[in-house]
Amino acid sequence: MPKQKEKGAQSVEGSKTRESSRFFFLVIVFMFWFSSYIYVPVLSPYVEHLGASYVMVGSVLGIYGLMQILFRLPIGIGSDYLNRRRPFIYLGLIASGASCLLFMAGAHPGWALAARAVSGIAASAWVVYSVMFAGYFPKEGAGKAMDMLQFTTVIAQLMSMMISGYMVEHWGWNAPFVIGGLVAIAALVLALRLPEQQQKKRENAIQLKDLAAVIKEPLLVKVSLLSVLAHCVLFITMFGYTPNQALDIGASKESLGWLTLAFMLPHAVATLYGSRLFGRLLGDRGTLLLGFAGSALFTLLIPSMPTLAALCATQIGNGFMQGLIFPLLLGKSVSGVAPFKRATAMGFYQAVYAIGMSGGPFVAGWMSSAYGLSGGFWLGGIAAALAAVLSWVWITDAGASR
């Protein structure tokens with residue numbers, strides 16, 4: 001009996017330790033995304049304020065995705081090869097803080113380009129954050145781990161983006177960069193207390209030699225291409241030029257927080273609940289068709305909205321429609337892949353959709369330079385409409401591709 005009591009006490013103590021470790025890690029995750037997103041709603045207006053053309057604005061927005069194309073897979077492979085997580089956690093926080101400092105280094109668009117490139121390196125480390133946090137759970141708890149990470153990420157993005165416009169309005173353009181840098185430094189100090197998390201060498205670790213086999217999976221490739229178009233729309237609209245449109249119709253920088261709230265709240269609701277509900281009603285193909293077609297409509301409406309309230313209405317619709325899309329694409333990216341290939345498939349999927357994060361804003365910047373801001377939103381609407389057609393052609397509710 002004493003031994004059983006001792007084992008029971010150790011089990012309870014171990015459970016409390018795991019819960020404490022999870023909470024501590026989530027605090028670091030919150031601070032990581034807070035520092036990375038605090039300036040996003042004012043980024044394109046800020047670069048335009050520096051005297052940049054729309055082509056340069058598009059380059060600053062697009063380089064974020066380009067760096068993830070270049071660094072995401074190498075970081076994931078390096079972490080698995082070294083069997084170490086903590087150095088890459090540090091890398092993400094250092095890069096996030098450094099990007100904020102680079103924004104303040106000089107009043108020239110080139111500094112903004114360099115700063116956003118470094119923030120892309122920070123975001124590339126996210127794959128290691130995901131793997132490390134999943135390691136705090138038993139294998140069957142991986143889904144719960146990802147839900148907790150997703151919720152923390154959304155809350156951090158929402159809270160940071162809500163206050164950025166207010167800070168610029170009252171304290172100047174550099175205020176979000178100062179706060180973002182300080183939060184990243186504080187998170188790095190906390191992360192120094194993280195214990196290293198070493199795993200047994202896994203058979204399903206990302207390997208370059210496995211990529212050739214992975215890209216032969218038809219559904220994975222098609223879903224990845226749909227995700228490229230989805231990220232094009234996202235980084236052209238809310239994470240791109242929609243704040244410029246708001247300022248152009250007379251909104252204050254402080255009111256950009258309402259624009260963020262209008263997009264992020266329905267986006268979070270649709271991400272957590274909408275895709276499952278509409279999936280039961282319409283099936284996966286119907287839900288993707290609705291999401292992309294709705295996003296095309298709301299994106300095309302953006303340039304014609306005369307007031308901030310009307311513009312916010314388009315963001316409510318766009319946020320919800322895009323929230324239907326991303327969870328379905330994420331699930332389908334591995335649904336047709338053998339279990340031992342799924343880590344590689346996820347690495348491929350994340351690297352490919354970064355093309356949309358990079359190419360969408362860059363081409364939209366060129367369109368906006370030639371035709372005004374409306375040109376960029378036309379591009380986003382066309383990309384979403386094309387994705388709606390491809391969803392109908394490529395996706396079946398049985399989970400197979402045509």
Item to check | Of all accessible heavy-atom area on the chain, the percent that carbon and sulfur account for (1.4 Å) | outcome: 68
Next on the checklist: Taking 25 Å as R0, compute the FRET efficiency from the Cβ-Cβ separation of LEU182 and TYR90 and round it to 0.05.
Outcome noted: 0.90
Checklist entry - What is the calculated FRET efficiency for ALA105 to MET159, with r their C-beta to C-beta distance and R₀ = 25 Å, to the nearest 0.05? => result 0.45
Checklist entry - Pulled fully out, how much extra length does the chain show between HIS49 and PHE23, if you take 0.36 nm times their separation in residues and subtract their Cα-Cα distance? => result 5.4 nm
Item to check | Between helix 40-49 and the chain: long-axis angle, C-alpha atoms, 0 to 90°, nearest 10 | outcome: 40
Next on the checklist: Using the crude model of +1 on Lys and Arg Cβ and -1 on Asp and Glu Cβ, and no other charge, please compute the dipole size for the chain relative to its Cα centre, in debye to 20.
Outcome noted: 1480
Next on the checklist: Just to be sure I understand the model, the point goes 7 Å from the Cα along the line to the Cβ. What's the resulting LYS216 to SER252 distance in nm?
Outcome noted: 6.2
Next on the checklist: Per residue, how much accessible surface does region 223-276 expose to a 1.4 Å probe? Answer in Å², no decimals.
Outcome noted: 30
Checklist outcome for this item: The number of Lys pairs in the chain whose alpha carbons lie under 23 Å apart, excluding pairs fewer than 8 residues apart on one chain, is 25
Checklist outcome for this item: Counting as exposed only GluC sites (Glu not before Pro) in DSSP loop states with no more than 13 other Cβ atoms inside 10 Å, the longest exposed-site-free span of the chain is 204-402
Checklist outcome for this item: Eigenvalues of the alpha-carbon gyration tensor of the chain, times 5 and square-rooted, give semi-axes in Å, largest first, of 34, 27, 20
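The values are calculated or read from the model by the stated rules, or taken from the named source; none is laboratory data. Keep in mind that this is a model prediction, so the values were computed, not measured. Counting neighbours? That spans all protein chains shown, and the Cβs are built from the backbone with ideal geometry, glycine included. Please note that ligands, DNA and RNA were not included when accessible areas were found on the heavy atoms of the full protein model with its side chains. Shrake-Rupley method; radii C 1.70, N 1.55, O 1.52, S 1.80 Å.
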